[in-house]
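The values are calculated or read from the model by the stated rules, or taken from the named source; none is laboratory data. These numbers come from a predicted model, not from an experiment. For neighbour counting, all protein chains shown are included, and Cβ atoms are generated from backbone atoms with ideal geometry for every residue, glycine included. Heads up: the accessible areas ignore ligands, DNA and RNA and are worked out on the full protein's heavy atoms, side chains in. Shrake-Rupley method; radii C 1.70, N 1.55, O 1.52, S 1.80 Å.
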Amino acid sequence: MFSGAQVSLYPMSDDFVGIILEAIKALDPYRPTFRIETDDISTLLVGPPDQLFPAMRDLFVSAARRGPHCVLAATVSRGCPGEPDDPICTPIADVSFDKPLAERIAAALGAVEAAPRTGQSVAAQFSLYPLGSGHHMDEIYGCIEFLKLSGVFDRSKNFCTKLRGDAGPVFATLSEAFLRFGAPQGHVALDLKVSANSPTSI
């Protein structure tokens with residue numbers, strides 16, 4: 001399986017270069033298990049699917065703690081049929097896609113409850129796309145049920161769901177949505193925006 005994310009970070013500050021370069025240091029602990037490539041538009045993270053969202057969390061929180069309005073935009077994917085298998089992307093063993101939705105929802109809620117708090121408030125909106133044939137709407141409805149119980153659910157919006165809360169549980173909720181819903185060997189994509197320190201937060 002191939003899993004990864006294309007991530008772009010946008011600090012609304014005259015010192016955006018310094019903020020971005022400092023925030024990228026938060027990825028250093030992940031470098032032994034990730035392939036990381038940066039160009040002038042985004043940074044590609046390729047690695048274990050269960051570590052993608054912790055890495056994005058640490059990157060974003062590092063930038064947001066500097067104080068300016070900051071936005072992270074990401075496209076996250078696992079199982080894309082157009083990408084080669086990569087041994088660094090080995091899925092975690094305890095996700096158990098073959099379990100009933102109710103059991104997966106319970107496990108996802110437990111993971112969110114155990115998520116570390118960062119002290120950084122964020123808002124996020126995302127859309128989950130379990131691609132391919134099959135009962136993908138069952139997976140989407142199961143994910144929505146999980147989101148509403150997650151403790152960070154804000155509201156449903158057109159084409160997406162909004163979350164709000166501490167970055168720890170918010171990114172854990174995003175990770176669980178990505179990992180536990182959709183066919184185990186199918187292509188699942190997630191489109192994500194995260195914001196912190198917005199002057200128009202509502």
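Where residues in the stretch 30-61 are within 23 Å of Val170 (Cβ to Cβ) and free of Cβ contacts under 8 Å to residues at least 24 places away in the same chain, which of them is most open to solvent (accessible area, probe 1.4 Å)?
Only one residue fits best here, namely Gln51.
Mind checking whether some residue in the stretch 145-155 is in contact with a helix residue (DSSP H, G or I) (Cβ under 9 Å, 6 or more places away or on another chain), touching a residue at least 60 places away in the same chain (Cβ under 8 Å) and under 28 Å from Pro68 (Cα atoms)? Reasoning before the result, please.
First, pick out the residues of the stretch 145-155 that are in contact with a helix residue (DSSP H, G or I) (Cβ under 9 Å, 6 or more places away or on another chain): 145-147, 149-153.
Of the ones still in play, those that are also touching a residue at least 60 places away in the same chain (Cβ under 8 Å) are none.
Checked against the condition, which is being in contact with a helix residue (DSSP H, G or I) (Cβ under 9 Å, 6 or more places away or on another chain), touching a residue at least 60 places away in the same chain (Cβ under 8 Å) and under 28 Å from Pro68 (Cα atoms), the stretch 145-155 yields no hits at all.
Filter the stretch 136-162 for residues that are outside any helix (DSSP H, G or I) and under 14 Å from Phe126 (Cα atoms) and give the result.
Narrowing the stretch 136-162 to residues outside any helix (DSSP H, G or I): 150-162.
Passing the criteria: Val152, Phe153, Asp154, Arg155, Ser156, Lys157, Asn158, Phe159, Cys160, Thr161, Lys162.
Taking the stretch 42-66, which residues are in a helix (DSSP H, G or I), in contact with a strand residue (DSSP E or B) (Cβ under 7 Å, 6 or more places away or on another chain) and at pLDDT 95 or above?
Residues satisfying the conditions are Leu52, Ala55, Met56, Leu59, Phe60, Ala63, Ala64.
Going through the stretch 166-202 one residue at a time, which ones are of a type in the set (S, T, N, Q) and free of Cβ contacts under 8 Å to residues at least 12 places away in the same chain? Break it down stepwise before answering.
To start, the set of residues in the stretch 166-202 that are of a type in the set (S, T, N, Q) comprises 173, 175, 185, 195, 197-198, 200-201.
If the condition is that a residue be of a type in the set (S, T, N, Q) and free of Cβ contacts under 8 Å to residues at least 12 places away in the same chain, then Thr200 is the only one that fits.
When Glu103 is evaluated against the numbered criteria (1) within 24 Å of His136 (Cα to Cα); (2) in contact (Cβ under 8 Å) with a residue 60 or more places away in the chain, which criterion, by number, is the only one it fails?
Of (1) within 24 Å of His136 (Cα to Cα); (2) in contact (Cβ under 8 Å) with a residue 60 or more places away in the chain, only one is false for Glu103: (2).
Return only the number of the condition from (1) modelled with pLDDT of 95 or more; (2) exposed (fewer than 12 other Cβ atoms within 10 Å of the Cβ); (3) over 30 Å from Thr200 (Cβ atoms) that Met137 does not satisfy.
(1) is the only condition that Met137 fails.
Check Lys99 against each of (1) within 13 Å of Leu179 (Cβ to Cβ); (2) surrounded by 14 or more Cβ atoms within 10 Å (Cβ to Cβ) and name the one condition it does not meet.
(2)
Would you be able to tell me the number of residues in the stretch 177-197 that are open to solvent by 20 Å² or more (accessible area, probe 1.4 Å) and at pLDDT 95 or above?
4
Which of the residues that make up the stretch 1-29 are among the aliphatic types (A, V, I, L, M), in contact (Cβ under 8 Å) with a residue 40 or more places away in the chain, out of contact with any Pro (no Cβ under 9 Å at 6 or more places or on another chain) and open to solvent by 70 Å² or more (accessible area, probe 1.4 Å)? Before the answer, list the steps.
Quick first cut of the stretch 1-29, residues among the aliphatic types (A, V, I, L, M) only: 1, 5, 7, 9, 12, 17, 19-21, 23-24, 26-27.
Retained after the next criterion (residues that are in contact (Cβ under 8 Å) with a residue 40 or more places away in the chain): 1, 5, 7, 9, 12, 19-20, 23.
Narrowing further to those that are out of contact with any Pro (no Cβ under 9 Å at 6 or more places or on another chain): 5, 7, 9.
The answer is none; no residue qualifies.
So, in the stretch 117-134, of the ones that are over 15 Å from the mean Cα position of the chain (by Cα) and either of a type in the set (Val, Ile, Thr) or modelled with pLDDT of 90 or more (or both), which residue ends up farthest from Leu174 (Cα to Cα)? Write out each step before concluding.
Kept after step one, since they are over 15 Å from the mean Cα position of the chain (by Cα), are these residues of the stretch 117-134: 117-121, 131-134.
Retained after the next criterion (residues that are either of a type in the set (Val, Ile, Thr) or modelled with pLDDT of 90 or more (or both)): 117-121.
Numbers: Arg117: 15, Thr118: 16, Gly119: 18, Gln120: 16, Ser121: 15 Å.
Filtering first and then ranking leaves Gly119.
Just checking, how many residues over the stretch 163-202 are among the hydrophobic types (A, V, I, L, M, F, W, C) and part of a strand (DSSP E or B)?
Narrowing the stretch 163-202 to residues among the hydrophobic types (A, V, I, L, M, F, W, C): 163, 167, 170-172, 174, 177-179, 181, 183, 188-190, 192, 194, 196, 202.
Next, only the ones that are part of a strand (DSSP E or B) stay: 163, 188-190, 192, 194, 196.
Total satisfying the criteria: 7.
Exactly one condition in (1) open to solvent by less than 70 Å² (accessible area, probe 1.4 Å); (2) in contact (Cβ under 8 Å) with a residue 12 or more places away in the chain is not met by Phe159; state its number.
In the conditions (1) open to solvent by less than 70 Å² (accessible area, probe 1.4 Å); (2) in contact (Cβ under 8 Å) with a residue 12 or more places away in the chain, Phe159 misses (1) alone.
Given the criterion touching a residue at least 24 places away in the same chain (Cβ under 8 Å), part of a loop (DSSP other than H, G, I, E, B) and not β-branched (Val, Ile, Thr), identify the matching residue among Gly119, Gly82. Please lay out each step first, then the result.
Working: Gly82 fails: touching a residue at least 24 places away in the same chain (Cβ under 8 Å).
So the residue among Gly119, Gly82 that is touching a residue at least 24 places away in the same chain (Cβ under 8 Å), part of a loop (DSSP other than H, G, I, E, B) and not β-branched (Val, Ile, Thr) is Gly119.
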